Structure formats: structure tokens, C-alpha cells
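Inspection log for the structure reproduced underneath, given as C-alpha cells.
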Amino acid sequence: MTSSSVKPEGDHRTVVAAARRDRMRTHLIESALRAVLAQGSVSVPLESLLVHADVSRGTFYKYFPDVRALVQSMATTLSGELIAALHPMVESIDDPAERLATGMLTVLGLVQRAPMLGHLLANSSWLLVQPDEDHPFLKLVRSDVERGQRTRRFARMDLPLAMELLAAHVVAASRRLAGGGDATRLARQTVTALLRCLGVEDREARRLAEGPVRLANVQPGPLLTLAASNVFKA
């Protein structure tokens with residue numbers, strides 16, 4: 001064994017410590033979701049969170065400055081899982097407008113069946129404030145918007161503006177759907193409005209908004225499975 005193949009003990013400890021931190025952070029995020037679901041509200045008291053996570057205050061504050069920051073991180077992670085879960089379902093669709101319509105109809109179909117998911121998407125400001133460039137929304141959905149603009153399926157506009165319009169439609173519709181009402185009508189109106197904002201002609205936007213809700217094709221991650229347990233069986 002050469003000296004170059006032997007890693008210093010300090011490096012090994014650093015890797016192990018980083019993995020331990022990642023596991024605890026993941027545990028706290030999952031515990032936050034369990035606490036939110038148990039309470040039926042995104043406003044979770046610290047004591048409730050500590051019980052669900054089975055950790056001390058000291059451990060909690062090593063990772064998050066307050067409960068709001070943890071819930072925000074949880075909602076961001078959950079929304080990322082949601083976008084990533086939709087991607088395999090829509091990647092075979094060539095038309096970027098149809099891809100967005102199908103994905104959004106499916107998201108809103110999930111919110112209709114799992115209202116707390118809608119509350120999390122609506123109340124987390126997960127994209128409207130300092131969006132994370134690594135978030136699947138920006139990595140996957142942005143490519144569809146860019147392609148739509150290149151092929152003139154969508155109108156030319158600043159890409160950040162187009163992404164904010166898309167995020168705003170998701171957040172607004174999620175809030176409305178989580179509160180009840182005519183879910184199918186609202187979802188189709190939202191998709192129509194979004195496509196029109198992006199430059200799709202009205203009649204075509206309405207046609208695409210009548211597309212299917214493909215819940216059976218969604219491949220959920222662990223948080224999404226938990227948040228919509230009545231839809232996805234773990």
C-alpha cells in the first residue's frame with residue numbers, strides 16, 4: 001500500500017462528522033414534517049418538534065436558529081422532492097408547454113388530495129425569496145421554460161421573471177386548493193392563466209389545461225410519501 005492511498009486520520013474524522021451532521025439534519029427535517037402533519041398546522045411549537053425528533057434544545061440549535069428556519073428548510077426539501085418526482089413522468093413529453101401543464105395539474109391534484117402539502121407550498125416562500133440554484137425547480141423546470149422560449153412556444157421575457165410567475169401561480173393555487181373549493185376548476189384555470197402569462201395563445205392554453213392528472217405516474221421520495229400518505233403508500 002502506497003502512502004498516497006492512506007487517508008489521514010483527520011480526513012476520515014471530518015467525513016464521518018459531516019455524514020453524522022447530514023443524518024441529523026435529515027432527521028430533524030422529517031421530524032418537522034411529522035410534527036406539522038400531527039398538529040395540522042405549519043406553526044409548530046418547539047416543544048412539539050423536540051418530542052417528535054427526540055432531541056434536546058441544544059442539539060436542535062446546533063442545526064437551526066429557530067423552528068421557522070427548520071420548517072422553511074423542510075418545505076424547501078419537500079418541494080424539491082415533488083419536482084424531482086414529477087420529472088420522470090413528464091420527460092417523455094416533447095412540448096414544453098404540455099410538460100408544464102401536465103406537471104402543474106399533477107401538483108395541484110396532489111394538493112387537492114393532501115391539503116397540508118398545499119399549506120406547506122403556500123406558506124414556505126420556497127422559491128419567491130432567495131431561490132436556491134440547486135433546487136430542482138430551477139434545475140429542471142427552468143430548462144423547460146428556456147426550451148419553450150428558444151422554440152418560440154413561450155414569449156421572450158427575462159427568465160427570472162418567467163420562473164417567478166410560475167412559482168407564484170403554484171403558491172397561489174396551492175393556498176386556494178388547501179382551503180377547499182372547486183379544485184378541478186381552480187386547477188385548470190390556474191394552468192390556463194400560467195400558460196397565457198408565458199405567451200401561449202388562449203385557446204391552446206385552455207386545451208392543455210384540460211390534460212390528465214397523472215398521480216399514478218409520480219415517483220415520490222420519503223418526505224412526499226409522508227406528506228401525501230393517503231395518496232402514496234409507504
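The values are calculated or read from the model by the stated rules, or taken from the named source; none is laboratory data. Note that the structure is predicted; figures quoted are calculated from it, not measured. Neighbour counts run over all protein chains shown; Cβ positions are idealised from the backbone, glycine included.
Which residue is surrounded by the fewest Cβ atoms within 10 Å (Cβ to Cβ), if the candidates are limited to the stretch 192-226 and must be part of a loop (DSSP other than H, G, I, E, B) and hydrophobic (A, V, I, L, M, F, W, C)?
Ranking the qualifying residues of the stretch 192-226, first place goes to 213.
Yes or no: the stretch 44-54 includes at least one residue that is modelled with pLDDT under 95, under 23 Å from residue 122 (Cα atoms), touching a helix residue (DSSP H, G or I) at 6+ places or on another chain (Cβ under 7 Å) and not in a helix (DSSP H, G or I).
Checking the stretch 44-54: at least one residue is modelled with pLDDT under 95, under 23 Å from residue 122 (Cα atoms), touching a helix residue (DSSP H, G or I) at 6+ places or on another chain (Cβ under 7 Å) and not in a helix (DSSP H, G or I).
Checking the conditions here, which among 36, 71 is modelled with pLDDT of 90 or more, closer than 16 Å to residue 116 by Cα, hydrophobic (A, V, I, L, M, F, W, C) and assigned to a helix (DSSP H, G or I)?
36
In the stretch 152-171, which residues are assigned to a helix (DSSP H, G or I) and loosely packed, with under 14 Cβ neighbours inside 10 Å? Spell out the reasoning first.
Start the filter on the stretch 152-171 by keeping residues that are assigned to a helix (DSSP H, G or I), which leaves 159-171.
159, 160, 161 - these are the residues of the stretch 152-171 that are assigned to a helix (DSSP H, G or I) and loosely packed, with under 14 Cβ neighbours inside 10 Å.
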